[in-house]
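Heads up, the thing below is written out as structure tokens.
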Amino acid sequence: MDNQIPVMQRLSPVRNSTQAQNADTLASEQLQHFGIQPDTPFGQSLLSAASSLYQAGSDISQFESLCQAIATLPQSDKISHFNAKKFLCFQLAKLIDMLQPSMKQDYHALKMDVSSRAVKGDYPLFANVGALFSATPAVVKTATYLYACTEWVEDAFQGKESTHPIYSRLLNPTSISLANTLTALEAGENAAEYMTWNFNSGMAAIDALLANQLRHGDILLSSRNVYGGTFQLMQDFYARPDRMAVKLEWFDGFSGEAFKTKLKQVEKKYPKALKEGKKILVYLESPCNPHGNVIDVASICQMSHEKGYRVALDSTLATPFLHRPLRNKDKSKRPNWVIHSYTKDISGSGSATAGGIIGESRRMFLPKNTEHEGVRWDETLFWDVYYIKGAFLDADKSLDIINGLKTLESRMLSKCINTLVFSHYLDAHEQIQVNSHALSSHPNSDLREEQLYLGLPSPLFSIDMEKAHIPREAFIRFFDALEPAFGHMVSLGQSNTLVLCPALTSHSEMDETAQKEAGIFLTTIRVAMGDENPRDLVRQFKACAKLHLDPVMPGFSEQFMSDKDLETIIRKTHLDVHSRHLEFMSQAP
């Protein structure tokens, strides 16, 4: 029983100063704190209720230790445990509801002036009890929060009171619900080891992580093909000598061997900096923008961790549907952080800009003045960056993302199928170069099979018409005509298929040399697949070629695959992907 005393004390309004050693004494102390006489009828009832709550807190706290073996229980027992606790939640909520009538009487008995009553309105606790039963996370639109008492809010400011938000810039219940969902999707059975912080954009998330991990003069080793905004942030901010003076290095290729060779070169290039304690941070984007190629994440993580280097992975294009690196049973093969731009496929609708970072809990948050496994509280992402920079995600956007996640699987399946269909259709044309690992002949195909779910392709790839030598003016007319079947939008991961010319838009921050090193040319078109009927996309693409390319390249539109062959590919691809998905689902535990 002695080990339950601190648990009961956590429920006290004087939790940090109480010396009480049992529920009855804690209840008496609570009455005294609020000026209630225990010998009155109200005092006696309150004393009994408070004492029961302290004891209930002690009992509930024991559930965690009793649930350590939950994974080994039969499925029927797991269901019973969950529903028993669910009903207990309803009972506790009902107790709050039963308290409302008398509490409202007390509130109205204060007889405030009409102006004060108008300003204050109904007391928030009265209106919010029903939100506990909302079938979707409640949209909590508030800047600040009520707090119970001085010692509780003092703990909240120290990061020691998880259920006591202070300010929505730091914690918002709707955003926390989204964060918990992403952690579970990414980490699965390892979710207890990880946590997520949400940001108001993917770039804000990337900047937060780099700011947290990089110090002046550190070394940033990044994969070559990254989003243009990421390139600009690294090159024009972190690597600038008058700012962070980070030594920025790029590695080409996608295999563990290519990375190993580059890492050795980097270590050989900066021996003095490494000897002085400068760190190497490895940054990966996989699948990468704009071609959709995947990197051997597990191998690179393992090599990096063996050297003591940390790894960040931007997994936006994969989503937790195609790639779940935090579920790898070998922890050395997991990245330290996974970054997402929720704006893309995770949301799917394009209605909100948002991003998130999933990382090891000890590197994401610790209470003030604590340390865990070599990480100090002020080194964590929360206190070092999130707490002070204010790039938080608000409640409305959080709910948009939560709702988008509900259709993630079906959307991604459809997009992967469309990618297979459209890339094979275009590849049949001799004058079009298709850069998509959906093709078995593509050099990144083996890694795609190994890294992504069912070996499905990333729904992002590129094409170029360089070998056709199409005049610039004709190419531009052709591209401009692709609307409305293809969306002319500077994004990806939406419900409709989007096309853009990276050299002029998403990767325009790069100079011509950097673009060529990334495989980007003037006629490169990035295709971000959507969920449409692929037949509509094919019809418009072919019609635009006939209208604008045939006049300068006679017969160009006649080199596309026949309609009959297209139908064969569509039917075969749908049946193959769905049958393999169903087979995998049937074998899932």
| So is Ser491 within 27 Å of Thr573 (Cβ to Cβ), in the same structural domain as Pro534 (by the TED database) and not in a loop (DSSP other than H, G, I, E, B) or not? | no
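Considering only segment 544-560, state which residues are of a type outside the set (Phe, Trp, Tyr), surrounded by fewer than 20 Cβ atoms within 10 Å (Cβ to Cβ) and in contact (Cβ under 8 Å) with a residue 40 or more places away in the chain. Give the steps one after another, and end with the answer.
Let us first name the residues in segment 544-560 that are of a type outside the set (Phe, Trp, Tyr), namely 544-555, 557-559.
Imposing the further condition that a residue be surrounded by fewer than 20 Cβ atoms within 10 Å (Cβ to Cβ) reduces the set to 546-547, 550-555, 557-559.
Across segment 544-560, the qualifying residues are Leu547, Pro551, Val552, Met553, Gln559.
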| said: If I go through segment 121-159 residue by residue, how many of them are open to solvent by 60 Å² or more (accessible area, probe 1.4 Å) and touching a helix residue (DSSP H, G or I) at 6+ places or on another chain (Cβ under 9 Å)? | reply: 8
| query | Mind checking whether some residue in segment 224-237 is open to solvent by 20 Å² or more (accessible area, probe 1.4 Å), farther than 18 Å from Met510 by Cβ, at pLDDT below 95 and assigned to a helix (DSSP H, G or I)? | reply | no
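This table checks each residue for (1) open to solvent by 10 Å² or more (accessible area, probe 1.4 Å); (2) free of Cβ contacts under 8 Å to residues at least 40 places away in the same chain.
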residue	(1), (2)
Leu284	no, no
His291	no, no
Lys307	yes, no
Arg324	yes, no
Asn328	yes, yes
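Here's the yes/no breakdown for (1) surrounded by fewer than 18 Cβ atoms within 10 Å (Cβ to Cβ); (2) closer than 27 Å to Ser175 by Cβ; (3) touching a helix residue (DSSP H, G or I) at 6+ places or on another chain (Cβ under 7 Å):
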position	(1), (2), (3)
Gly374	yes, no, no
Leu399	no, yes, yes
Lys406	yes, yes, no
Leu426	no, no, no
| Single residue of Thr505, Thr513 found to be at pLDDT below 95, over 27 Å from the mean Cα position of the chain (by Cα) and either polar (S, T, N, Q) or open to solvent by less than 60 Å² (accessible area, probe 1.4 Å) (or both) | Thr513
| task | Could you figure out which of (1) touching a Phe, Trp or Tyr at 6+ places or on another chain (Cβ under 8 Å); (2) open to solvent by less than 40 Å² (accessible area, probe 1.4 Å) isn't true of Ala191? | result | (1)
| message | Would you confirm whether or not segment 42-59 contains a residue that is touching a residue at least 24 places away in the same chain (Cβ under 8 Å) and open to solvent by 80 Å² or more (accessible area, probe 1.4 Å)? | response | yes
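Which members of segment 1-39 meet the condition of being polar (S, T, N, Q), assigned to a loop (DSSP other than H, G, I, E, B) and under 24 Å from Lys160 (Cβ atoms)?
Quick first cut of segment 1-39, residues polar (S, T, N, Q) only: 3-4, 9, 12, 16-19, 21-22, 25, 28, 30, 32, 37.
Applying the additional criterion that residues be assigned to a loop (DSSP other than H, G, I, E, B) yields 12, 16-19, 21-22, 37.
If the condition is that a residue be polar (S, T, N, Q), assigned to a loop (DSSP other than H, G, I, E, B) and under 24 Å from Lys160 (Cβ atoms), then Ser12, Asn16, Ser17, Thr18, Gln19, Gln21, Asn22 are the ones that fit.
For segment 293-317, which positions are among the hydrophobic types (A, V, I, L, M, F, W, C) and within 22 Å of the chain's Cα centre (by Cα)? Please lay out each step first, then the result.
First, pick out the residues of segment 293-317 that are among the hydrophobic types (A, V, I, L, M, F, W, C): 294-295, 297-298, 300-301, 303, 311-313, 317.
Result: Val294, Ile295, Val297, Ala298, Ile300, Cys301, Val311, Ala312, Leu313, Leu317.
So that you can scan it fast, the table gives a plain yes or no per residue for (1) within 16 Å of Leu456 (Cα to Cα); (2) of a type in the set (D, E, K, R):
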site	(1), (2)
Ile520	no, no
Asp531	yes, yes
Lys546	no, yes
Phe556	no, no
Gln559	no, no
Lys564	no, yes
Ser579	yes, no
Gln587	no, no
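Taking helices (runs of 4 or more DSSP H) that fall entirely within segment 57-162, which contain at least 2 residues that are under 30 Å from Asn22 (Cβ atoms)?
Working: elements: 63-66, 75-108, 114-120, 124-128, 150-157.
Output list reads 63-66, 75-108, 150-157.
Considering only segment 348-434, give the helices (runs of 4 or more DSSP H) lying wholly within it that have at least 2 residues that are of a type in the set (S, T, N, Q) and within 30 Å of Arg539 (Cβ to Cβ). Reasoning before the result, please.
Details: elements: 361-364, 395-405, 408-427.
So the answer is 408-427.
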| remark: Sole miss for Leu53 among (1) in a helix (DSSP H, G or I); (2) at pLDDT below 90 is condition (2)
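Of all residues in segment 164-186, which are among the hydrophobic types (A, V, I, L, M, F, W, C), buried (at least 23 other Cβ atoms within 10 Å of the Cβ) and in contact with a helix residue (DSSP H, G or I) (Cβ under 7 Å, 6 or more places away or on another chain)? Break it down stepwise before answering.
Pass one, segment 164-186, residues among the hydrophobic types (A, V, I, L, M, F, W, C): 166, 170-171, 176, 178-179, 182, 184-185.
When the remaining residues are screened for being buried (at least 23 other Cβ atoms within 10 Å of the Cβ), the result is 178, 182.
Residue satisfying the conditions is Leu178 alone.
Could you list, in sequence order, the residues of segment 261-279 that are part of a helix (DSSP H, G or I), among the basic types (Lys, Arg) and surrounded by 10 or more Cβ atoms within 10 Å (Cβ to Cβ)?
Within segment 261-279, the subset part of a helix (DSSP H, G or I) is 261-269, 271-275.
Filter once more, keeping what is among the basic types (Lys, Arg): 262, 264, 268-269, 272, 275.
Scanning segment 261-279 gives Lys262, Lys264, Lys269.
Yes/no matrix, rows are residues, columns are (1) within 22 Å of His424 (Cβ to Cβ); (2) at pLDDT 95 or above; (3) touching a Phe, Trp or Tyr at 6+ places or on another chain (Cβ under 9 Å):
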{"position": "Ile463", "(1), (2), (3)": "yes, no, no"}
{"position": "Glu466", "(1), (2), (3)": "yes, no, yes"}
{"position": "Pro471", "(1), (2), (3)": "no, no, no"}
{"position": "Ala474", "(1), (2), (3)": "no, no, no"}
{"position": "Ala481", "(1), (2), (3)": "no, yes, no"}
| message | I'm checking my understanding of the structure. Among residues of segment 458-474 that are open to solvent by less than 10 Å² (accessible area, probe 1.4 Å) and either among the basic types (Lys, Arg) or out of contact with any Lys or Arg (no Cβ under 6 Å at 6 or more places or on another chain) (or both), which one is farthest from Phe541 (Cα to Cα)? | response | Ser458
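The values are calculated or read from the model by the stated rules, or taken from the named source; none is laboratory data. These numbers were taken from a predicted model, which means no experiment stands behind them. Reconstructed Cβ throughout: ideal geometry from the backbone, glycine too, with neighbour counts over all protein chains shown. Calculation scope for accessible area: heavy atoms of the full protein, side chains included, ligands and nucleic acids excluded. Shrake-Rupley method; radii C 1.70, N 1.55, O 1.52, S 1.80 Å.
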